[in-house]
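The values are calculated or read from the model by the stated rules, or taken from the named source; none is laboratory data. These numbers were taken from a predicted model, which means no experiment stands behind them. We place every Cβ from the backbone using ideal geometry, glycine too, and count neighbours over all the protein chains shown.
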Amino acid sequence: MTVLNLLTRTGFTVDMISTNPLFKKSRSVRHYFLAKENDVLLKIASEKAKRKYALVVIGDDPTLGKILDSDLPADEKLALLPVASRQHFSHVFSKIGLSKVFKENGLLTPDFRIANDAHELKHAARELGHPLFIKVSSSSGGMGIFESSSADDLDEAIAKIKAFPVLMQKKIEGAEVSMEAFYQDGKLIHFAYSTPEKYKYRFGPTLVRRYVQLSQVDPKVFEDLRLLGSALGAHGFVNISSIRADLDGRLHFFEADMRPNLWLSHSRYFGDDPAIAIRKHFLTGATLEHPYPFDARYPPEILLSHALRMGLGDLLLNRYQVWKHLPENFFYFTLRYRVWGPARQNLAMLYKYLLPKPYRAVVKKNLASMKYAFLGDMRQQ
């Protein structure tokens, strides 16, 4: 929903392929293609991409992984993936690949090791020293991440790891900084800068962020993001995570997910709509420049929450003034998926609990008979 709204504001005519029928009747979508299976989705996407769209957006990490692992020819993969060349495939949906690219291109990143089995993992832990993080290379949503502060933590993490190799990163003390950026051919078009204030769960999505106007951001950040875009061959939305280290005050990059997230256009709530910058680029070729103008209508910093991630209680109480920043169609999605969806599941469970299975088949058959009898009567009238 967030991505679709941004693309529409930018001025794009949008075609969509999805395994979810949610957007089938959306007025913002020109052509909608429902793919009931992922293999069908890739086949349709590959065919449609041959039409030379101005922009292709993959909405989640697993789909990026499926494209990479598919039997599609390399040029068809390139048409779908958010990178500028085949040489940049190695870091897509790969935490190991990203760490290598950061280091090879002179971007600050936590010291890391790659472990191919439990023995190498323990050896790498001794080299890095605690505290450290252990990360499954192809994972998302905060899953597959383990923090280890001792040998006992390490043994516990090893017992939970289902697949190798894994990335091991030295923990850096500092404040996390998130940046939602947009690139074309490795060139920086726009980004938003924020520090997470509240998380849904440990290592998981953020609920509240403190945004800073780009005019107040250190020029070195602009330089780092330009270098990062070039190193990744970024060609689309990139969700960047970093730590501003307590030790040296500099940004150390540890992740760059090559897809948009729910926060990608939140900066518009303080006057900096990425849709404007993206549209300007496609019309004139403009890229992001520093210094960036200050918007006097808003404070230098602003605390923003995301309505789609807040609990219903916080929404009703208007925590963090969330009512000012409700996304389009918010009430429809809330009622359908957060209220009616769970209620329907509970009703289904109650139905199965109260009515034994043999009787459910009889009820279903009788309901079907009533339906056809009703339709027959309607046709005769």
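Miscellaneous remarks
- Complete set of residues in the stretch 57-80 that are farther than 24 Å from THR109 by Cα, crowded, with 16+ Cβ neighbours inside 10 Å and among the hydrophobic types (A, V, I, L, M, F, W, C): VAL57, ILE58, ILE67, LEU68, LEU72, LEU78, ALA79, LEU80
- Count of the stretch 157-181 residues which are over 15 Å from SER137 (Cβ atoms), surrounded by fewer than 19 Cβ atoms within 10 Å (Cβ to Cβ) and touching a Ser or Thr at 6+ places or on another chain (Cβ under 8 Å): 2
- Listed by first and then second residue, the pairs with beta-carbon distance under 8 Å, at least 6 apart or on different chains, first residue in the stretch 38-51 and outside any helix (DSSP H, G or I), second surrounded by 14 or more Cβ atoms within 10 Å (Cβ to Cβ) and among the small types (Gly, Ala, Ser), are LYS50/ALA79.
- The conditions of being buried (at least 22 other Cβ atoms within 10 Å of the Cβ) and closer than 25 Å to ILE302 by Cα are met by ALA192.
- Listed by first and then second residue, the pairs with beta-carbon distance under 8 Å, at least 6 apart or on different chains, first residue in the stretch 15-32 and in a loop (DSSP other than H, G, I, E, B), second at pLDDT below 90 and surrounded by fewer than 10 Cβ atoms within 10 Å (Cβ to Cβ), are THR19/LYS36; THR19/GLU37.
- Against the conditions (1) out of contact with any Asp or Glu (no Cβ under 8 Å at 6 or more places or on another chain); (2) closer than 30 Å to GLY311 by Cα; (3) in the same structural domain as LEU304 (by TED's automatic domain parsing); (4) modelled with pLDDT of 95 or more, ASP224 satisfies every one except (2).
- Taken together, the residues in the stretch 272-289 that are surrounded by 15 or more Cβ atoms within 10 Å (Cβ to Cβ) and either more than 26 Å from the chain's Cα centre (by Cα) or on the phi > 0 side of the Ramachandran plot (or both) amount to 0.
- Some residue of the stretch 137-145 being free of Cβ contacts under 8 Å to residues at least 60 places away in the same chain, in the same structural domain as VAL221 (by TED's automatic domain parsing), closer than 14 Å to ALA256 by Cα and surrounded by 14 or more Cβ atoms within 10 Å (Cβ to Cβ): no
- Contacts under 8 angstrom Cβ, first residue in the stretch 193-206 being closer than 16 Å to GLU255 by Cβ and at pLDDT 90 or above, partner of a type in the set (Lys, Arg) and not in a strand (DSSP E or B), 6 or more apart: THR206/LYS200; THR206/ARG309
- Exactly one residue out of ALA84, ALA49, ALA79 is over 30 Å from GLU223 (Cα atoms) and either aliphatic (A, V, I, L, M) or assigned by TED's automatic domain parsing to the domain that holds ARG250 (or both), and it is ALA49.
- Exactly one residue among GLU173, GLU180 is in contact with an Asp or Glu (Cβ under 8 Å, 6 or more places away or on another chain), within 30 Å of GLN216 (Cα to Cα) and modelled with pLDDT of 95 or more, and that residue is GLU173.
- Residue match in the stretch 308-321 (condition: within 21 Å of the chain's Cα centre (by Cα), without any contact (Cβ under 8 Å) to a residue 24 or more places away in the chain and on the phi < 0 side of the Ramachandran plot): yes
- Count of the stretch 232-269 residues which are over 16 Å from LEU4 (Cβ atoms), over 12 Å from the mean Cα position of the chain (by Cα) and crowded, with 20+ Cβ neighbours inside 10 Å: 11
- With respect to the stated conditions, LEU55 is of a type in the set (A, V, I, L, M, F, W, C), within 29 Å of GLY142 (Cβ to Cβ) and not in a helix (DSSP H, G or I).
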